[in-house]
1. Order of Leu270, Leu62 from fewest to most other C-beta atoms within 10 Å?
2. What percent of all Cα-Cα pairs in region 176-292 falls into each 10 Å bin, going from 0 up to the bin containing the maximum distance?
3. Let me check I have the definition right: for region 254-383, take the eigenvalues of the Cα gyration tensor, multiply each by 5, take square roots. What are those semi-axes in whole Å, largest first?
4. Mind listing P(r) for the chain? All alpha-carbon pairs, 10 Å bins, whole percents.
5. Name the long-range amide H neighbours of Lys278: under 5 Å, sequence gap of 5 or more, or other chain; modelled H, no Pro or chain starts.
6. Based on alpha-carbon positions alone, could you give the equivalent ellipsoid semi-axes of region 292-362 from the gyration tensor, as √(5λ), descending, whole Å?
7. Picking from Val66, Val348, Val215, which is most flexible by a Gaussian network model of the chain using Cα springs under 10 Å?
8. How high is the FRET efficiency between Lys319 and Thr233 when r is their beta carbon distance and R₀ equals 45 Å, given to the nearest 0.05?
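Here, each number is a calculation from the coordinates, and none is a lab measurement. Everything numeric here is computed off the predicted structure, so don't read it as measured data. Cβ atoms come from the backbone with ideal geometry, glycine included; neighbour counts cover every protein chain shown.
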Amino acid sequence: MTSTDLCTDTLCVTGNPEYKSFDSTGAVSVPIYQSATFAHPELGKSTGFDYSRLKNPTRDYLEKLVASLDRAEYGFAFNCGMAAITALFDTFESGTHVICSDDLYGGTERLFNTIGKKLGLETTYVDTSDLENIKNASKSNTKIIYIETPGNPLMKITDIKKTADYAHSHGMILIVDNTFLTPYLQQPLLLGADVVVQSGTKYLCGHNDTLAGFVTTNNKQIAENLEFVTKTTGSALPPFDCYLAIRGIKTLAVRVERQCENAQKIVDALAKNKHITKILYPGLKESKGYEVNKSQAKGNGSMISFYVDSVQTVERVLKSVKIIHFAESLGGVDTLITYPATQTHADVPENERNERGITDKLLRLSVGIENADDLIHDLTKALEENNYESI
Ligand SMILES: *Cc1c(COP(=O)(O)O)cnc(C)c1O
């Protein structure tokens, strides 16, 4: 049986069956090979492992596992999502023009605008949910389209297949940051994307305890370039963190199922709340990206953004939530609430932030696996005026 025959939820648990035997002990859990170097049997011979910056058995297993989830031939594990994106940057040629989603993770935007600029990359941000905007931004040196769908934090949906077709007919490649939906809900390579990048810190590791980042691709040249960057710059994920990532991925499918279920219940409850003025969630039928997301993803995810009626409500909610943590990050078993204006998107200038809709009344929720009723109670209580006496 090859990995392509297996469903993603099975692969999460079993790993890639073509890549099973690590040692002769029959260990069901992948061992942590905490070794910096590996001895050679004789001159000119190698066990396949020489030095852990280049290749480590625990990491090798994880990389093949994540590649199998994404239906990719090649996978790379880095010490966080930003390190994964940076490694990709290091493979771009100076003078390359990149078209990016304007609804992008704040850290990626910072990377493009600072270090990317120094490396000679030119970036244009457009609303990629409309292909016309991509066409209009294209130039003779445009080689890369870089998108997130759903976007962050405005949940804009970009049509992966259409964007990939456009990219390929113009000699460009499409990179998709798939952090929000994970390979369990969305598989961009099968829709035509050339590269998938994701922050494993979020859903894949899933417990808010480990940083990790992944790149997967079927493009041999990109894979060779990434292998060179990994070897040369040394940002690959260490063995113990690889072990935690492998363990996290085992429960990815059940966690995501529960998180999506909880998210839908919370959206239904928030829709009735008088302090909420608008909800951004791809599962809302009236949302712009509903149909496209439905056509390319298996679910709506568990990220919800919403506008409240005033900054006072924002302050009240962030101060009053009891079981929901006011913290950055997302995707873990714990529900987190984030204030993009001062957290994830603090580096975006205020007028630009407001123009884009990342106002001081916007909150973002990453829904965990707690009981949905408790989460709804916590949120609705925190939204109420004069809630302090009652707590
Ligand atoms: C968190 C995140 C990143 C960066 O990942 P780290 O693991 O925090 O370095 C990149 N893209 C998206 C969409 C993210 O949410």
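1. Leu270, Leu62
2. The percentages, shortest bin first, are 12, 32, 33, 16, 6, 1.
3. For region 254-383, the semi-axes come out at 21, 19, 14 Å.
4. Computed distribution, short to long bins: 5, 23, 32, 24, 12, 3, 1, 0.
5. Tyr307
6. 22, 19, 12
7. Of Val66, Val348, Val215, the most mobile in the Gaussian network model is Val348.
8. 0.60
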